[in-house]
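Coordinate-derived values only; no laboratory data. Keep in mind the model is a prediction, meaning the values are calculated, not measured.
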Amino acid sequence: MKSVCKVLLVLLLFACGEKVVEPPENLIPKEKMIAIIYDLAIINAGKSIDVNILDKNGVDPMQYVYDKYEIDSLQLAESNVYYISLPQEYESIYLDVEARLEKEREKMQAKKDKTRDSIKEANEDARIQTKKNTN
């Protein structure tokens, strides 16, 4: 029994090193795939805020992505399957997307904070001006 387990373990280790899925002829390059997944994440975030926002504006999110990146659904699906078959590569793609999303979130937060500070400053100036006018 132990020898069977050892043989299976060795086979499993060798199998993990093999490429199970061959790259498709029209493989989307990694950087482009990162950009596509980033855009899809932004689109999904928008839909989570207002489900009908895309419909109201006549936007088909997938067609938008296909047009923007000059790809089709089959190319995206085949490329996705290929990258999924390489777990470390796929994780790298998603970590890059996550980093871009975090960077964008920080930029948006900085803008929000700046606006809030400007409003607070304007309110303080108005309050000071009101005090001067009443004295």
- What is the set of long-range amide H partners of residue 28 at a cut-off below 5 Å, with H atoms built 1.01 Å from backbone N? 79
- Task: Determine ³J(HN,Hα), in whole Hz, for all residues of the range 38-45 in sequence, where each value follows from phi through the Karplus function 6.51 cos²θ - 1.76 cosθ + 1.60 and θ = phi - 60°; x replaces Gly and Pro.
- Result: 4, 4, 5, 5, 5, 4, 5, 5
